[in-house]
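Remarks on the structure that follows.
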Amino acid sequence: MRYANPVLRLARLLAIVLIAGCQDEVEPPMYQIVPVVQRSITVSVRAEGVIEPIQTIEVKSKASGEIMEVLAETGDLVHRGNLLVRVDPRGPRNGVVQAEADIAVAEAQLTNAESELRRAEALYETQSMTEREYDQARLARANANAQLIRARRSLQDATIAFEDTDVRAPATGVILVRSVEVGTVISSATGGVNAGSVLMSMANLETVQIRSLVPENDIGKVRAGMDATITVDAYPDHPFSGQVLKIEPQAVESQNETLFPVLIRIPNEGNLLRPGMNTDVEIHVGSQDRVLTVPNAALRTERDLQSAAMVLGLDMAVVRAQLAAARGETAGRTRSGQAGGTVQESDNTVTFNGRTVPVPAGLTKEQVQPVLDKLGQGGGPATFQSLSAEERSIMQRVMGSLRGNGGRRRGEGQRGFGGEGDRGDRRRSSTSAFQFGGDYIVFVMRDTGPAAVPIRTGMTDLDYAEVASGLTGDDRVLILPSASLVQNQQEFQERMRRFSGGLPGLGGRR
């Protein structure tokens, strides 16, 4: 039967071509073999920030009145005591003159009172004056003396008020903001805490600071005293050096991200850095010179084992056995040395993929070695399933013994692969273990094929990770495609199989 509608014929033809192409076997993803090499690793935390003064001073006037003269502009460097603003001095000057006149009157009154007191004393001695009159003469002298003291105090206050009409710099610094002009009428700053008009703002810019915002996942690596490199757009070829002062305890939220302010102090030679400049900050967290490294793309976790084993064509039981053997070798080297301090290898051991594996109690080398050799050859998906029941039992006892001796599962201790023996590596590089590092799995190319190896990493940058333990300079690791890529390929193939089964006359290959 022929299709009368040409559109249906074209659609059927396209579907046949599409299904035929998708039904072909998909080539397994290729992996890359790279050597474990020595290189230097530098770890930095990057953030953005804004330059700000360490301390900003608001200049106010204790005198009130009209601004008569402004002697400083924004950007001017002024020293402590320099005249900045002059306020109308007429009122305070008149106060000084009045206070001086009051002192003259008080002094004359005091002189007169003292003369009256001397006459009263003479009359009192000859009984020509009563005691009450004598006491009044003494009181008049005391009042005159008090009046003179008040007049002198008033003169001091008037002099201070007059001097306050000259507003001077309270410290050495640069004028940041000028808020007044000649003719502006200002109020005194002595009327209250927030009283008074702000005339200028100034700050010392010989040393400035940056308030940079560091993401929450990086803040644990930052410590006070760490060096930092700062770049600004105004001087792209002139990096500045600074040092972390402190980390603010209170986080801030920005676009659904948790950030912590980090203060960085910078010597500002030549006053090149100005408040408000945007900066790129690179905090130097740590560095390692000439250490063994592997690409970050080669690192795998427990969740990636299934997809990695499928890419390499390995049985998961083989992968588990390889990991157990590697972990057991580390534990076997340290168990005998814990009590006496001397590390001794056990004689009852076999080898698996180049690693030493202790033989479980109740078994012999002759029983275990052939089973491991059989697993190590090829490593195909059917290798473990091809073992006999007795060989599987032997392999289960080997793996169980390794787990009990040091091959911890993830829930039993996420820090170490080798039980107690792993603590030595952590003591050797405690800084890396605290701030960086982690437990990962890599696939290494052995003579018998790919093998899973647990490793401990140290510092890591965007490309490479330091190998703290688990590998040597002679090893070669495999870079595999990501687990998500393998899963997407599987899901695509499955969708195309279901799609082909739903078209009339187009069945999947048998």
Q | segment 97-117-segment 31-65 distance, computed between alpha-carbon centres (Å) | A | 67
Q.
Can you classify segment 251-303 as rounded, prolate or oblate using the Cα gyration tensor, where a ≥ b ≥ c are the square roots of its eigenvalues, rounded means a/c under 1.5, and otherwise it's prolate if a/b beats b/c and oblate if not?
A. oblate
Q: Could you list which residues have their amide H under 5 Å from that of residue 467, counting only those 5 or more apart in sequence or on another chain, with H placed in the peptide plane?
A: 292, 293, 294, 458
(Q) If the reach is capped at under 29 angstrom between alpha carbons, list the lysines near residue 221, excluding any in the same chain fewer than eight residues apart. (A) 246
Q. When only C-alpha pairs under 8 Å and at least 6 residues apart count, what is the relative contact order of segment 171-216, in percent?
A. 45
Q: Enumerate the amide H contacts of residue 82 below 5 Å, restricted to partners 5 or more residues apart or on another chain; note that Pro and chain-start residues carry no placed amide H.
A: 169
Q) So who's got an amide H within less than 5 Å of the one on residue 180, skipping anything under 5 residues away but keeping other chains? H placed 1.01 Å off N, in plane. A) none
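Readers should treat all values here as calculations from the given coordinates under stated rules, not as data from a laboratory. Everything quoted here is computed from the prediction, not taken from an experiment.
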